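**Q** The structure is given below, and queries will be raised subsequently.
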Amino acid sequence: MIAEKAVLGSMLKENYLILDSGLAVSQFADPVHKIIFQSMKELRAAGKTVDFVTLLTTFSPQDLGGANYVKDLMTYAHVEKFDDHLEAMLDVWREREKQNVLHVAALENWPIDRVMSELDAIHDNRVSDHSKISDLLMDVYEDPFVEKEIVDGAHAVIGKLDEMTNGFQDGELTIVAARPSMGKSDVMLHIAKHAGWQGRLPIIFSLEMSDTSLRDRLLASTGRFSRLRMRDPYRMLSGSQKGNWVKTIGRLAETNIQFFDRSRQTVAEMRMKVRKMIHEYPGRKPFILIDYLTLIHSEDTSSTKHLEVSQITKELKGMAREFDCPVVTLAQLSRAVEQRHDKRPLMSDLRESGSIEEDADVIIFLYRDAYYTKDDNDNIMELIVSKNRNGPVGTAYAAYNKYTGEVVGIGTNS
């Protein structure tokens, strides 16, 4: 029953979990917990805040186990671990339902196919993944005859990259990988702000860089301010640059970018934070960006690094599908790149490349020849699409200003 208490306590702390959990009253084992959850749902449906006071003043405290019992639920709250507690609770429910099915099947002599069907239905009662081909076909029956709005992904505003991918697609995991100092973080911020300007809700999980550092990078690239001058804007920015400062701040505020910069975050923690942001900004679909892959914390410390990364990439892909939004994750490349004459990255240069290559829908490598030649006149950045599950591969080009961090797609008005 501890898992049930943790689920209810977390719901009291964060009310959006009441509906997001997808739970039914019948999935609670404790009769008091059933009443508490039903009471929570009724309050939520009425548009009221669900807390200790509203529960006890709206319903009979005796039915809810008493004031002290409801108050005690809060001590079990752990929002970051909510998914784990929810799954533990559902495991108990599934076992309970399984025993019930087997008992009734024995009494009524059910055929084996009915038993198997009932057991399969129990396995995941929260989300139905069943579709009939007739229903799916009806959805597209009129497509050749009726003009419909084509829903594009969130565009990077980098000409050929957008052509190849049609923008970053909902439900897809994209890996952007490069060696250090190639401009990964600047590309991520470029993608984030353009997603924001397109009406998305960019959510950046920065596991290495602080939120203030990312803010300053956004200001520099958007306002075309030299990062060196950004160290002391009062003394080092020109009069015209200072005039552009407020305009740049206003423009960036329109993106609604959200930052979470705590190190060692797990994918489960990220999911909880994304859910909270979705409820705070109901009109915007999320766009998740993570810097970077191997800094994501795995709770399974007993496995090898390869298995950890494999599990994390699967969880990231699951998160993209769960929230039906793009997930873009930065990744480092191995030093093997440096040993070759042509230093353009290959798939094998990805650290723990097997699992990343398998789970990612799109893999983009960044390469700047100027990093190796030290040619200050060469500002070309190559964005090499090496994997594209639903489109072509190829190379897009952008102009990259290493002093401001600005990225401009060549041949576009970005």
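Since every read-out is calculated from the coordinates, none of them should be taken as a lab result. Note that the structure is a prediction, hence the values are computed from the model and not measured. Cβ: placed from backbone, ideal geometry, glycine included. Neighbour counts: every protein chain shown.
**Q** Can you tell me how segment 231-306 classifies by the Cα gyration tensor, rounded, prolate or oblate, using a/c under 1.5 as the rounded cut?
**A** oblate
**Q** To continue, here is another question. Between the alpha-carbon centers of segment 248-263 and segment 11-67, tell me the distance in whole angstrom.
**A** Centre-to-centre (Cα) distance: 35 Å.
**Q** Continuing with this model, one more query. Quick one: of the DSSP bridges fully inside the chain, what percent are antiparallel, nearest 5?
**A** Of all bridge pairs located within the chain, approximately 45 percent are antiparallel.
**Q** Sticking with this structure for a sec: Would you work out which of VAL32, ALA370, LEU8 lies farthest towards the positive end of the dipole of the chain, given +1 charges on the beta-carbon of Lys and Arg and -1 on that of Asp and Glu, about the Cα centre?
**A** Projecting each Cα onto the dipole axis, the largest value belongs to ALA370.
**Q** Then there is this: Do the sum for the chain: with -39,500 (n - 2.57) for every DSSP H run of n ≥ 4, divided by all residues, what is the mean residue ellipticity at 222 nm, to the nearest 500 deg cm²/dmol?
**A** Computed ellipticity for the chain at 222 nm equals -14000 deg cm²/dmol.
**Q** Computed FRET efficiency, Cβ-Cβ of ALA370 and ARG227, R0 30 Å: what is it to the nearest 0.05?
**A** About 0.95, to the nearest 0.05.
**Q** If neighbour count is taken as other Cβ atoms inside 10 Å, put ARG215, ARG368 in order from fewest to most.
**A** ARG215, ARG368
**Q** Right, another one. Pull out a ≥ b ≥ c, the square roots of the eigenvalues of the alpha-carbon gyration tensor of segment 168-327, then state rounded if a/c is under 1.5, prolate if not and a/b is larger than b/c, and oblate in the remaining case.
**A** It is prolate, given that a/c is not under 1.5 and a/b is the larger ratio.
**Q** Comparing LEU86, LEU330, LEU316, which has the greatest mean-square fluctuation in the GNM of the chain with Cα pairs linked when under 10 Å apart?
**A** Sorting by GNM fluctuation, first place goes to LEU86.
**Q** At most 16 other C-beta atoms within 10 Å and a DSSP loop state: those are the exposed chymotrypsin sites (Phe, Trp or Tyr not before Pro) I care about. Give me the longest piece of the chain that has none.
**A** 146-402
**Q** For segment 172-263, report the % of Cα-Cα distances exceeding 21 Å.
**A** 35 percent
**Q** At q = 0.07, 0.10 Å⁻¹, work out log10 I(q)/I(0) for the chain with the Debye formula, treating every Cα as an identical point scatterer and leaving solvent out; two decimals please.
**A** Log-scaled intensity ratios, in q order: -0.44, -0.84.
**Q** Test of understanding: in a Gaussian network model of the chain with alpha carbons linked when under 10 Å, which of MET277, MET236, MET188 would top the mean-square fluctuation ranking?
**A** Top of the fluctuation ranking is MET236.
**Q** Hey, which of these cross-link pairs are over 22 Å Cα-Cα: LYS5/LYS41; LYS13/LYS317; LYS343/LYS402; LYS13/LYS285; LYS34/LYS98?
**A** The pairs that break the limit, which is 22 Å between Cα atoms, are LYS13/LYS317; LYS13/LYS285.
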